[in-house]
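Student: Could you have a look at this structure, given as structure tokens, before my questions?
The values are calculated or read from the model by the stated rules, or taken from the named source; none is laboratory data. Everything numeric here is computed off the predicted structure, so don't read it as measured data. No Cβ is skipped: glycine too gets one built from the backbone with ideal geometry, and neighbour counts run over all protein chains shown. Just so you know, the surface numbers come from the protein's heavy atoms only, side chains and all, with ligands and any DNA or RNA stripped out. Shrake-Rupley method; radii C 1.70, N 1.55, O 1.52, S 1.80 Å.
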Amino acid sequence: MTARILDGKAISQQIQQELALEVVRLREQTGVTPKLVAVLTGDDPASQVYVRNKERACQRVGMQGVVHRLPAETSQAELLALVGKLNADAAVHGILVQLPLPRGLDATPILDGIDPAKDVDCFHPQNVGLLAQGRPRFLPCTPHGVQQILFRSGLPTAGKRVVIVGRSDIVGKPLALLLAARTSPFGPEYANATVTLAHSRTPELAEVTRGAEIVVAAAGQPELVTGEMLTPGATVIDVGVNRVGDKLVGDVEFASASRVAGAITPVPGGVGPLTIAMLLGNTLTAARLAAGL
């Protein structure tokens, strides 16, 4: 069996084209252009690339994208003050504090300090709570990106057994909430899964993953999930991005998994591009809410 490759880059481009039309429509209705402000502290190379990609994506869909670049020596108080200033600026609809922060800065109070109505990463406790109650203001970017891939690839989740390998607050936990919910932005067929949240301390992990029709790898461990850990025909979503030597690999060993799976996302070019598209979608939602729509 040779797996169908799920092209996240192409799906992201399609979504961004749709968002560009929605941005024009909002501007015509209200005169408002959605504005996303990213705060980049320090000189982490990966973070610089991510923020630059977000800037370019904003330009492609007609949004305003602004980056505040701060030195690594920035204090906790200075960063909190900037977040407060952005909260008070009515022209700013989305605020993104790029992680990781330099050593000595505590991310939790910074993220908690973002106005929940501008928290387009969906990290604020209020937004996480709304998500858990099934009435989200925003959808978490990477988990929603996973749902988009499944939906736009015609791979429903209702009644399916899903194993998520990884229990992070950014991917594993919120994705479990989305897939186990009664409905989704795409209807009940793309929710209503029976979800198992596995992790590094799950005994007999291969036995657990072989019982799933959909496996999502989000553990941050290079090539953790191999072909022998999959049931034939399973859908495999690889959220991991790991640098090994001079190349990027996912949390799935692609060569062996693609011989067993029915469908699989590559790394790079799978889930990653969707994360940025979903961030833009949340910024558009924030702008609409601010405009009373």
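Okay, residues lined up against (1) part of a loop (DSSP other than H, G, I, E, B); (2) over 19 Å from Lys118 (Cβ atoms):
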site: Gln14; (1), (2): no, yes
site: Glu22; (1), (2): no, no
site: Asp43; (1), (2): yes, yes
site: Ser47; (1), (2): no, yes
site: Arg56; (1), (2): no, yes
site: Arg69; (1), (2): no, yes
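Student: Can you find a residue that is under 19 Å from Ala261 (Cα atoms), touching a helix residue (DSSP H, G or I) at 6+ places or on another chain (Cβ under 6 Å), in contact (Cβ under 8 Å) with a residue 40 or more places away in the chain and assigned to a loop (DSSP other than H, G, I, E, B) anywhere in the stretch 136-144?
Tutor: no
Student: Looking at the stretch 151-179 only, could you name the residues that are out of contact with any helix residue (DSSP H, G or I) (no Cβ under 7 Å at 6 or more places or on another chain), open to solvent by 20 Å² or more (accessible area, probe 1.4 Å) and in a loop (DSSP other than H, G, I, E, B)?
Tutor: Result: Gly154, Leu155, Gly159, Lys160, Ser168, Asp169.
Student: Would you say Pro45 is open to solvent by 50 Å² or more (accessible area, probe 1.4 Å) and within 24 Å of Asp238 (Cβ to Cβ)?
Tutor: Answer is yes for this residue.
Student: Determine the pairs where a residue that is within 12 Å of Thr142 (Cα to Cα), located within the stretch 270-293, has a partner that is assigned to a loop (DSSP other than H, G, I, E, B) and at pLDDT below 95 with Cβ atoms under 7 Å apart, the partner being 6 or more residues away or on another chain.
Tutor: Pairs that qualify, where the first residue is within 12 Å of Thr142 (Cα to Cα) and the partner is assigned to a loop (DSSP other than H, G, I, E, B) and at pLDDT below 95, are Gly272/Val241.
Student: What pairs come out if I take residues in the stretch 58-81 that are farther than 14 Å from Gln48 by Cα and pair them with residues that are open to solvent by 40 Å² or more (accessible area, probe 1.4 Å) and assigned to a loop (DSSP other than H, G, I, E, B) whose C-beta lies under 7 Å away, six or more apart or interchain?
Tutor: Gln76/Asp106
Student: Could you look through the stretch 93-112, keep only residues that are over 17 Å from Gln126 (Cα atoms) and open to solvent by 70 Å² or more (accessible area, probe 1.4 Å), and pick out the one that is nearest to the chain's Cα centre (by Cα)?
Tutor: This residue is Pro100.
Student: Determine whether Pro156 is in contact with a Leu (Cβ under 7 Å, 6 or more places away or on another chain) and under 24 Å from Lys9 (Cα atoms).
Tutor: No.
Student: For the stretch 19-56, how many residues are under 22 Å from the mean Cα position of the chain (by Cα) and either closer than 24 Å to Pro102 by Cα or charged (D, E, K, R) (or both)?
Tutor: 21
Student: Counting only residues that are assigned to a helix (DSSP H, G or I), farther than 14 Å from Gly84 by Cβ and not polar (S, T, N, Q), how many does the stretch 118-135 have?
Tutor: 6
Student: Could I ask something else about it? Which numbered condition trips up Ala255, out of (1) open to solvent by 40 Å² or more (accessible area, probe 1.4 Å); (2) modelled with pLDDT under 95?
Tutor: (2)
Student: How many residues does the stretch 123-150 contain that are open to solvent by 10 Å² or more (accessible area, probe 1.4 Å) and farther than 17 Å from Ile15 by Cα?
Tutor: The total comes to 14.
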